[in-house]
Amino acid sequence: MLKVSGKWLAPAEVESCMLEHPDVAEVAVVGVPDANGLVKPRAYVVPRRRDDNLAEELKAFVRERLEPYNIRAR
C-alpha cells in the first residue's frame, strides 16, 4: 500500500486496470518520491507492441477508470 495525496493506494488496483488495456503485456506500479518527497505512483510497462503514443493512451485509459490520486502524469 502507498499513501498518495493523503489516501491509501493499492498498486495492484492500478496494475489490474492497466492490464485491461490490450497493448499491455505486464505492468508493475511502485511508489517514487517526487522533488518534494511526496510519494507518487509510477507504472513500469512491458508493451505488447512498440507504440510511441502508448504512454499517453494509458494515462487516458487509467484516468477514465480510477480516482485521480491513482495517477501520476509525467
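Given a Förster distance of 35 angstrom, what is the FRET efficiency for Glu67 paired with Val46, based on the Cβ-Cβ distance and rounded to 0.05?
0.90
At a Förster radius of 25 Å, what calculated FRET efficiency corresponds to the Cβ-Cβ distance of Glu57 and Leu19, to the nearest 0.05?
Using R0 = 25 Å, I get an efficiency of 0.95.
Run the dipole for the chain about the Cα centre, Lys and Arg Cβ at +1, Asp and Glu Cβ at -1, nothing else charged, and hand back the magnitude in debye, nearest 20.
So the dipole magnitude of the chain works out to roughly 260 debye.
Here, each number is a calculation from the coordinates, and none is a lab measurement. Source: prediction; values computed, not measured. When we count neighbours, we look across all protein chains shown, and the Cβ atoms used for this are built from the backbone with ideal geometry, even at glycine.
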